[in-house]
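Visitor: Have a look at this one.
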Amino acid sequence: PPEPAIDAAAAAAREPSSHSYCDDRGWDPLRDALQRKLADEHGLVNSDVMVTAGANQAFANLALTLLDASDCALLFAPYYFNHKMMLETRGCHVYVAPATHDFLPRLEDVEAALACEDPPKMVIVVNPGNPTGTLVPRARLEAIRDACAARGCWLVVDNTYCDFTYDGAAHDCVPSGAGRRRYGPAGRRRYGAAGRRRYG
């Protein structure tokens, strides 16, 4: 991790408030800083931030809150394995759209799933893709968002690796439509501290 991050962690360890319980949604100063980051770096305003012990907990919270056992969810191959594992643990039926040559989620796969007899209650997009690193273009995200909103389906966008782009490529976030949820970024990975988690 960078030296300023190490110094800040050492200073925080000396603060008595660092060793007490905090709001279930996370430590307020950190939540405020993350809301500013979402607005300044990603153009997302009116965000409600929850700090979790990693992206897997964030996704588990979403799955447990938004889905019931026997609900359906849609993933895109190649998918992040923990998403599928959590959905199956929840008792959901998981549809997996086939991989495409460019590893991008296809709008036609979303529309076909939403039109089937037992449509998904949640569509999960990972941007950039994990494990591919493929960035989803803004227009594609907006089209999928709009298709999900029109059918009352939750769209969950995992932006855990939004700060890992290369060769000048830009990561896009799109404002919420009805029923859309976004999660990420993962600051611990960005700053080389993947083993650190703040429990409050």
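Visitor: Of Gly177, Gly168, which residue is in a loop (DSSP other than H, G, I, E, B), surrounded by fewer than 15 Cβ atoms within 10 Å (Cβ to Cβ), at pLDDT 55 or above and not polar (S, T, N, Q)? Show your work before the answer.
Guide: Details: Gly177 fails: surrounded by fewer than 15 Cβ atoms within 10 Å (Cβ to Cβ).
Exactly one residue qualifies, and that residue is Gly168.
Visitor: Just one of Ala143, Ala53 is in contact (Cβ under 8 Å) with a residue 60 or more places away in the chain and either over 16 Å from the mean Cα position of the chain (by Cα) or under 29 Å from Leu34 (Cβ atoms) (or both); which is it? Break it down stepwise before answering.
Guide: Numbers: Ala143 fails: in contact (Cβ under 8 Å) with a residue 60 or more places away in the chain.
After ruling out the rest, the residue left standing is Ala53.
Visitor: Same structure again: Any residue that is at pLDDT below 95 and basic (Lys, Arg) - is there at least one of those in the stretch 132-139?
Guide: yes
Visitor: When Ala143 is evaluated against the numbered criteria (1) of a type outside the set (D, E, K, R); (2) outside any loop (DSSP other than H, G, I, E, B); (3) under 13 Å from Cys72 (Cβ atoms), which criterion, by number, is the only one it fails?
Guide: Only one criterion is unmet by Ala143, namely (3).
Visitor: If you scan the stretch 182-192, which residues turn out to be at pLDDT 55 or above and either more than 19 Å from Tyr79 (Cα to Cα) or open to solvent by 70 Å² or more (accessible area, probe 1.4 Å) (or both)?
Guide: none
The values are calculated or read from the model by the stated rules, or taken from the named source; none is laboratory data. Because the structure is predicted, anything quoted here is derived from the model rather than measured. Cβ coordinates were reconstructed from backbone atoms using ideal geometry, including for glycine residues, and neighbour counts include every protein chain displayed. Ligands, DNA and RNA are stripped out before the accessible areas are found, and what is left, the full protein with its side chains, is counted by its heavy atoms. Shrake-Rupley method; radii C 1.70, N 1.55, O 1.52, S 1.80 Å.
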